[in-house]
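K.L.:
Just dropping this structure here.
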Amino acid sequence: MVALDPDYFRALETPRMAALAPNLIAAAFPLMKLMPARYILDRAVAEGALEAGMRIVETTSGTFGMALALLSAARGYRLTLVSASSLVDAKYQARLDGLGAQMIVTEDQAGNGDQLERLQRLDHIRREDPNCFWPRQYDNSGNALAYARLAEQLVRTLGEIDCLVGCVGSGGSLCGTGTFLRTVFPHLIVIAVDTHRSILFGQPAGKRLLRGLGNSILPGNLRHDLIDEVHWVGAYPAFSEARRLLREHGIFQGPTSAAAALVGRWAASTRPGARVAVIMPDEGHRYAETVFDDTWLGSLPGWPCSPPSEPRELTIIEPGSEADWMRFKWARRSLDQIVHGEFKNEGRSH
Amino acid sequence: MDAVTRLTPNGESLPKIGAGAAIGHHGELLQGVFEGPAGRLHRGLVTLPLASSRAKATFTCTARRVLTVRPHDKIKAGLAARKTLDHLGVVEGGVLNIESNIPVGHGYGSSTADVVAAVRAVAAAHTARLQPSRISRLAVAAEQASDAIAFDEHAVLFAQREGVVLEDFGGSLPPLLLVGFKPTGGLPIDTLHLPPARYKSAEIQQFRVLRALIAHAVRYQDPKNLGRAATASALLNQRHLPKPHLERVIEIAEGAGACGVQVAHSGSLLGIIFDPAGTNFRQRAESVAASVQRGGFCDVEFHQINDDGARW
């Protein structure tokens with residue numbers, strides 16, 4: 001069992017608050033997913049769903065897996081993670097190995113993460129070993145609830161908050177933080193950041209260059225009716241922004257964080273006087289040999305390119321549209337209202 | 001609060017007498033469940049102190065072990081005096097007199113004010129000066145649940161059933177004007193007979209944000225965030241001890257540009273919080289007072305809290 005001080009975990013799940021502009025604060029995390037992972041495990045223990053010696057299983061290739069690996073090592077649980085071959089790198093795997101986590105890799109035929117394939121594999125594992133606990137980060141309400149801690153930290157730093165910007169993966173960080181903040185700041189604008197070929201906001205699924213963003217399943221934690229605006233950010237603007245953050249602010253975060261920062265910067269500049277907070281979930285270490293490596297970037301077709309300074313404004317969802325950066329006024333509507341509502345309206349007009 | 005040793009003309013010492021006082025409050029700005037320093041959850045509250053209401057106690061030492069309390073029904077204060085004597089290692093008793101202008105049973109903290117005044121008076125009679133944390137623990141020992149008035153106007157998040165501070169906000173609340181009132185026919189409430197509120201996970205998580213709002217409000221002396229936290233806490237409390245017409249009171253407060261609405265979470269009091277630095281706050285407060293009176297509330301009063309010398 002790894003001997004870890006609880007304060008060490010708290011430090012990892014506590015963001016560094018960086019002022020990117022006078023009215024823009026970034027909450028930059030070393031390992032943000034430790035927050036929901038710890039909350040979900042604590043709640044499972046309290047409810048009797050997780051007991052000593054049990055095996056934790058989850059489909060994840062990112063920071064939630066690393067958080068589970070740290071907690072499992074510290075608390076003595078066995079851990080099995082299921083990921084897709086396209087999403088696992090050797091250094092990440094080595095860290096998980098060092099923490100005693102077992103990684104099962106599924107073949108990624110389409111190159112988009114194959115979440116359904118991974119879920120099927122997970123189901124198979126659970127049938128073979130009933131002594132398992134599955135945190136279900138995409139559908140566990142504890143994921144969103146855990147982010148009250150982030151809302152607390154933002155309020156302690158900023159007081160009143162007018163605009164919250166964050167990426168959507170499991171839906172936990174943006175929807176959890178946004179819900180808790182909007183209870184006391186009803187005017188809060190919540191801006192969701194996603195990427196192309198993600199189904200979360202009505203785009204068709206497909207292969208994505210920007211790892212860490214984009215989904216081919218719809219998480220239960222995503223509350224569309226909380227969202228005021230959606231921005232789809234392409235890989236190149238995110239890569240470019242990640243390098244800018246390092247160069248100009250000394251902030252070493254991954255491209256997911258950078259996509260949020262790009263949108264946050266725009267939100268702050270278009271809302272003078274408003275206090276904007278942006279959530280940066282991941283550090284840059286996993287991307288040292290890609291996004292921060294000139295040779296790797298140089299091998300990409302179309303790179304280097306100038307990132308856009310403005311998003312392209314959409315008035316309706318355009319499936320398959322892939323401008324570098326697009327914006328749509330979601331206006332706190334449900335996915336059904338947006339996608340099917342528009343088709344219904346179209347039908348009526350004909 | 002010092003002990004007074006009086007001498008007769010013959011030089012004989014008269015009984016030692018100590019005096020103590022404590023302020024009341026107007027209920028809570030925030031009450032719920034909060035994480036303590038070790039990560040454990042505790043029931044806690046932030047008191048809204050009211051310096052204009054006050055309990056005074058005198059304690060006259062006697063050579064006998066008997067402890068006499070006047071009036072006789074101040075049982076909790078008597079128990080607190082006995083526990084204070086035990087804490088000080090004093091075997092002898094005395095006579096405890098309590099006087100108070102704090103109404104009983106509506107959430108003004110009348111019994112805790114009696115208890116804290118009694119502890120201070122007993123300590124003073126024995127030339128001891130107790131820390132607020134010690135007074136709080138003695139108060140909890142005497143009445144099971146207490147509040148933070150041993151800290152006077154210093155803002156703390158206080159675990160009312162343990163007598164410990166969960167967070168010291170590092171100063172006093174900002175200056176406020178409170179329009180306080182009661183529902184007509186509100187009956188006195190014995191808080192100890194109320195079952196402890198059972199909060200949902202989402203509520204416990206929401207309390208984190210409200211706690212942060214209060215911390216920010218104290219740090220930057222910002223009544224607006226204080227009012228936001230108070231209103232949200234009052235709404236969360238509706239599931240436990242609902243205040244009639246709270247939604248209407250919130251509407252009145254919002255209409256008048258007030259900072260928020262505050263309630264005694266285990267009493268009947270309600271209050272509307274104004275920023276005394278706000279434009280036309282006097283007219284707005286008077287208008288709110290008239291509105292709540294028309295709305296069927298009674299005992300409408302104005303309270304200056306941490307008024308900083310400003311005249312109402």
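The values are calculated or read from the model by the stated rules, or taken from the named source; none is laboratory data. The structure presented is a predicted model; accordingly, all values stated were derived computationally and were not measured. All Cβ positions, even for glycine, are placed from backbone atoms using ideal geometry, and neighbour counts span all protein chains on display. Accessible surface areas use protein heavy atoms only, side chains included; no ligands, DNA or RNA. Shrake-Rupley method; radii C 1.70, N 1.55, O 1.52, S 1.80 Å.
K.L.:
Order these peptides, A:319-327, B:259-267, by their mean beta-carbon neighbour count within 10 angstrom, highest first.
P.N.:
Descending packing order for the listed peptides: B:259-267, A:319-327.
K.L.:
Is the C-alpha gyration tensor of segment B:265-312 telling us rounded, prolate or oblate? Criteria: a/c under 1.5 is rounded; beyond that, a/b larger than b/c is prolate, otherwise oblate.
P.N.:
oblate
K.L.:
Where the accessible area of segment B:158-312 is counted over protein heavy atoms with a 1.4 Å probe, how much of it, in %, is carbon and sulfur?
P.N.:
On segment B:158-312, the fraction of accessible area on carbon and sulfur atoms equals 49 percent.
K.L.:
Residue by residue, what Karplus-based ³J(HN,Hα) values in Hz, rounded to whole numbers, does segment B:114-124 have, using 6.51, -1.76 and 1.60 with θ = phi - 60° and x for Gly and Pro?
P.N.:
4, 5, 5, 4, 5, 4, 5, 5, 5, 4, 5
K.L.:
Report the charge-dipole magnitude of chain A in Debye, nearest 20, computed about the Cα centre from +1 at each Lys and Arg Cβ and -1 at each Asp and Glu Cβ.
P.N.:
It works out to roughly 440 debye.
K.L.:
Using only protein heavy atoms and a 1.4 angstrom probe, determine the accessible area buried between A and B, summed over both sides, in Å² to the nearest 100.
P.N.:
Chain pair A/B: roughly 1600 Å² of buried accessible area.
K.L.:
Taking the Cα atoms only, what angle lies between the long axis of helix A:255-270 and the longest principal axis of chain A, rounded to 10 degrees?
P.N.:
The answer is roughly 30 degrees.
K.L.:
For chain A, what % of the accessible area comes from carbon and sulfur atoms, probe 1.4 Å?
P.N.:
52 percent
K.L.:
For the protein assembly as shown, with every protein chain kept in place, what is the accessible area per residue (1.4 Å probe, Å²)?
P.N.:
42 Å²
K.L.:
I've got another one for you. Looking only at chain A, where both bridge partners belong to it, what percent of the DSSP beta bridges are antiparallel (to the nearest 5)?
P.N.:
25 percent
K.L.:
Another question, if that's okay. Over the whole of B:207-217, what's the average partner chain Cβ count within 10 Å per residue? Rounded to a whole number, please.
P.N.:
Partner Cβ neighbours, averaged per residue: 6.
K.L.:
Counting only other chains, what is the mean number of Cβ atoms within 10 angstrom of the Cβ of each residue in peptide A:140-148?
P.N.:
Neighbouring Cβ atoms belonging to other protein chains average 3 per residue here.
K.L.:
Ok, one more. Considering only the other residues whose Cβ falls under 14 Å of the Cβ of B:GLU92, what net charge follows from Lys and Arg at +1 and Asp and Glu at -1?
P.N.:
Neighbourhood net charge equals +3.
K.L.:
Relative to the longest principal Cα axis of chain A, at what angle does helix A:34-46 sit, 0 to 90 degrees, rounded to 10?
P.N.:
Taking the Cα atoms of chain A, the angle to A:34-46 is about 50 degrees.
K.L.:
About the Cα centre of segment A:51-128, how large is the charge dipole given +1 on each Lys and Arg Cβ and -1 on each Asp and Glu Cβ? Please answer in debye to the nearest 20.
P.N.:
300 debye
K.L.:
Kindly provide the helix-only [θ] at 222 nm of the protein assembly as shown, computed as the sum of -39,500 (n - 2.57) over DSSP H runs of four or more divided by all residues, to the nearest 500 deg cm²/dmol?
P.N.:
That calculation yields -11000 deg cm²/dmol at 222 nm.
K.L.:
From the Cα gyration tensor of segment B:181-312, with a ≥ b ≥ c the square roots of its eigenvalues, which class applies: rounded if a/c is under 1.5, or else prolate if a/b is larger than b/c, or else oblate?
P.N.:
Oblate is the answer for segment B:181-312, as a/c is 1.5 or above yet b/c matches or exceeds a/b.
K.L.:
Taking H as built 1.01 Å from N, whose amide H comes closer than 5 Å to the amide H of A:THR59, not counting residues under 5 places away?
P.N.:
So A:THR59 has HN proximity to A:VAL82.
K.L.:
DSSP beta bridges in the protein assembly as shown, what fraction antiparallel, as a percent rounded to 5?
P.N.:
Antiparallel bridges: around 60 percent, rounded to the nearest 5.
K.L.:
Right, here's the next one. Restricting things to alpha carbons, find the Rg to Rh ratio for segment A:51-128 using the Kirkwood radius for Rh.
P.N.:
Rg/Rh: 0.96.
K.L.:
Okay, next question. Between Rg and the Kirkwood Rh of chain A, both from Cα atoms, what is the Rg to Rh ratio?
P.N.:
0.95
K.L.:
Exactly which GluC sites (Glu not before Pro) in segment A:34-116 are in a DSSP loop and have at most 14 other Cβ atoms within 10 Å?
P.N.:
A:GLU47, A:GLU51, A:GLU107
K.L.:
I've got another one for you. Would you work out the charge dipole size for segment B:103-221 about its Cα centre, treating the Cβ of every Lys and Arg as +1 and the Cβ of every Asp and Glu as -1, and quote it to the nearest 20 debye?
P.N.:
Using Cβ point charges on Lys, Arg, Asp and Glu, segment B:103-221 gives about 200 debye.
K.L.:
For the charge dipole of segment A:260-319, defined by +1 on Lys and Arg C-beta atoms and -1 on Asp and Glu C-beta atoms about the Cα centroid, which residue among A:PRO272, A:PRO304, A:ILE317 has the Cα displaced farthest towards the positive pole?
P.N.:
Ranked along the dipole, the leading option is A:PRO272.
K.L.:
Per residue of segment A:10-17, in order, report the coupling 6.51 cos²θ - 1.76 cosθ + 1.60 (Karplus, θ = phi - 60°) as ³J(HN,Hα) in whole Hz, putting x for Gly and Pro.
P.N.:
4, 5, 5, 9, 9, x, 8, 8
K.L.:
Hey, another quick one. Give the average, rounded to an integer, of partner chain Cβ atoms located within 10 angstrom of each Cβ in A:177-184.
P.N.:
Averaged over the peptide's residues, the number is 4.
K.L.:
Another question, if that's okay. Residue farthest toward the positive end of the dipole of segment B:76-214, with Cβ of Lys/Arg at +1 and Asp/Glu at -1: which of B:LEU178, B:ILE135, B:PRO196?
P.N.:
Of the options given, the answer is B:PRO196.
K.L.:
Beta carbons within 10 angstrom, averaged per residue: use that to sort the peptides A:217-228, B:133-144, highest first.
P.N.:
B:133-144, A:217-228
K.L.:
Sticking with this structure for a sec: Lys/Arg Cβ at +1, Asp/Glu Cβ at -1, dipole of chain A taken about the Cα centre: which of A:SER141, A:THR157, A:ALA74 is farthest positive-ward?
P.N.:
The residue sitting farthest along the positive end of the dipole is A:THR157.
K.L.:
Would you please put B:92-105, B:297-310 in order of how densely packed they are, using the mean number of other Cβ atoms within 10 angstrom per residue and starting with the highest?
P.N.:
B:92-105, B:297-310
K.L.:
Please say if chain B is rounded, prolate or oblate, where rounded means a/c under 1.5 for a ≥ b ≥ c the square roots of the C-alpha gyration tensor eigenvalues, and otherwise the choice is prolate for a/b larger than b/c and oblate otherwise?
P.N.:
prolate
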